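A.B. asks: Input: one structure, supplied below.
Each reported figure results from applying straightforward, stated rules to the coordinates on display, with no laboratory input. These numbers were taken from a predicted model, which means no experiment stands behind them. Cβ placement follows ideal geometry from the backbone for every residue including glycine, while neighbour counts extend to all protein chains displayed.
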Amino acid sequence: MTDNDHPLPPPVLTGLRGLCPRCGRGHLFKGYLTVPPACEVCGLDFSFADAGDGPAVFVILIAGFLVLGFALWLEFTFSPPLWVHVAISLPVLIIVCGGLLRVLKGILICLQYAHDASEGRLDR
C-alpha cells in the first residue's frame, strides 16, 4: 500500500483517536505511549515517529495553566490549608497530564506524517 492509494485521514482527528496516520484504522500505540514498529493494518513503518519533547512541553504549558487556575480558584474561594491544596491539586495535575500526554503525542506524530516533517539537515 502506498500513500497514493487513498487520501490521508485528518491528522488531528486521527491523532486524537490514536490511529495510524496513513490508513486511519491501525493503532498508533502499543500500550499507553509506546509506538509499535509498524501499523498492523497498512504496514506503515513508524520509524519516522519521533515526537521528541513536543508533547511534554505542550502538556506542561496546558496542564500548568489549568491546574494553576484551579488552585487559585480553590484558594480565593475557600482559603483551605496547604495540605488540602496538595491533596486536591496534585491528583488533578496527574490526571490532566496523563490524559493529555497520549493525545498530544498522537496528534504530533500524525501531523509529522501528514506534513512529511523530519530532522533538519544542512545542504551541502
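A.B. asks: For a quick check of your reading of the filter: which GluC sites (Glu not before Pro) in the range 37-124 sit in a DSSP loop and have no more than 16 other Cβ atoms within 10 Å?
C.D. replies: Here the sparse-neighbourhood loop sites are GLU40, GLU119.
A.B. asks: Here is a further query. All other residues with a Cβ under 14 Å from the Cβ of VAL35 taken together, and with Lys, Arg as +1 and Asp, Glu as -1, what is their net charge?
C.D. replies: +1
A.B. asks: While we're looking at this one, here's another question. Is it possible to state the helix-based mean residue ellipticity at 222 nm for the chain, with each DSSP H run of 4+ residues giving -39500 (n - 2.57), the sum divided by total residues, to the nearest 500 deg cm²/dmol? What is it?
C.D. replies: -18000 deg cm²/dmol
A.B. asks: How big is the Cα convex hull of the chain in projection, averaged over all directions, in nm²?
C.D. replies: 10.4 nm²
A.B. asks: Sort 104-112, 7-15 for me by packing, meaning the mean count of neighbouring Cβ atoms within 10 Å per residue, highest on top.
C.D. replies: Ranking the peptides 104-112, 7-15 by packing returns 104-112, 7-15.
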